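Notes follow once the structure below has been shown.
What follows is calculated from the coordinates using simple rules that are stated; it is not laboratory data. What you see is a predicted model; the values in this text were computed from it and never measured. Quick reminder, even Gly has a Cβ in these numbers, built from the backbone with ideal geometry, and neighbours come from all protein chains shown.
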Amino acid sequence: MEPIRKVGVVGAGQMGRGIAHVVALSGYDVAINDLSKEAYDAAVGAITKNLTRQASKGKITEDEKNAALGRISFAENYEGFSDADLVIEAATEDETVKRKIFVAVCPFLKPDAILATNTSSISITRLAATTDRPERFIGMHFMNPVPVMELVEMIRGIATDDATFARSRELVSSLGKTIAVSEDFPAFMVNRILLPMINEAVYTLYEGVGSVDAIDTAMRLGANHPMGPLQLADFIGLDTCLSIMQVLYEGLADSKYRPCPLLVKYVEAGWLGRKSNRGFYDYRGDEPMPTR
């Protein structure tokens, strides 16, 4: 197998641009596809800002920053992935959306190209079955924010072959990330543990046991968490939290994973956390203010 030289990324949002950042900085060419050139330009702007911050702290040099930016290009359509050795899907956590992407992108890929998904909860085996290459399909769950977080969960589907796993693992290791291998169960390892905790924090708020500030303060100071669970939920995105809880609830058929009605209500209201400027905190002022 040829070594991976070029990586395609589907999605220029928070996860897609974070993946593109670390991949380009590690010496790989990166093509980013999104629905609009404006989304791509916004992603490059964010990547430039983050690389500049790293350079100002002495973590990288100006030459490394400029070289990384020079490796990033816009793929106007999926034909831009025709010479990619690996394509990583980093779209929204919605199985229908992901399936449509895989069906559309496969005809443009090289026969030996690997297709990966950054899903944080959905069955790798089921997603792989949508494609023409289930043996060359794998889960690569990067953590957010990608340039900062060290872990990548790697998940094989039932058909993923050894060569695909080995090549993918080699790439992830070359990014300076630590790998944790998970079996293909709903939400894998990190979110199987993390999201029920967040959901329980929302239930604690819903039942009036404590306020937003009290719950987050209790977990920061009482459990030594770097941020409270409700603040973390806002950072992740409440819609993503709800999607993962629904995957757990439906996939494991256990009532302990039932999404809290208050989480559902916030998502229905469009209060999705930081990205919408309102969630369990209101971010529209100078300082975040609890909404309950």
According to the Cα gyration tensor, what semi-axes, each the square root of 5 times an eigenvalue, does the equivalent ellipsoid of region 126-171 have, listed from largest to smallest in whole Å?
22, 12, 7
Report the calculated FRET efficiency for residue 132 and residue 265 (r = Cβ-Cβ distance, R0 = 45 Å), to the nearest 0.05.
0.65
Quick P(r) readout (the chain; Cα-Cα; 10 Å bins; whole %) gives 6, 27, 34, 24, 9, 1
Hey, got a sec? Which trypsin sites (Lys or Arg not before Pro) in region 9-57 land in a DSSP loop and have at most 15 other Cβ atoms within 10 Å?
57
Report, in whole Å, the centroid distance computed from the Cα atoms of region 234-250 and region 195-210.
14 Å
Whole-number value, in Å³ per residue, for the convex hull of the alpha carbons of region 131-242 is 117 Å³
Express in % the proportion of alpha carbon pairs of region 191-290 at distances exceeding 21 Å.
28 percent
Dipole of the chain, Cα-centred, from +1 at each Lys and Arg C-beta and -1 at each Asp and Glu C-beta, to the nearest 20 debye?
320 debye
For the chain, calculate the relative contact order in percent as a whole number, restricting contacts to Cα pairs under 8 Å that are 6 or more residues apart.
13 percent
Length added when fully stretched, residue 148-residue 62, from 0.36 nm per residue minus Cα-Cα:
29.1 nm
Please give the length that would be gained between residue 170 and residue 92 if that part of the chain were fully extended, namely 0.36 nm times their separation in residues minus their C-alpha to C-alpha distance (nm, one decimal).
25.5 nm
Give a quick list of GluC sites (Glu not before Pro) in region 206-272 that DSSP marks as loop, anything other than H, G, I, E or B, with at most 10 other Cβ atoms within 10 Å.
207
Extension reserve of the residue 48-residue 180 stretch, reckoned as 0.36 nm per residue once the Cα distance is removed:
44.6 nm
Write out the GluC sites (Glu not before Pro) in region 107-206 meeting two conditions: DSSP loop, and at most 12 other Cβ atoms within 10 Å of their Cβ.
150, 183
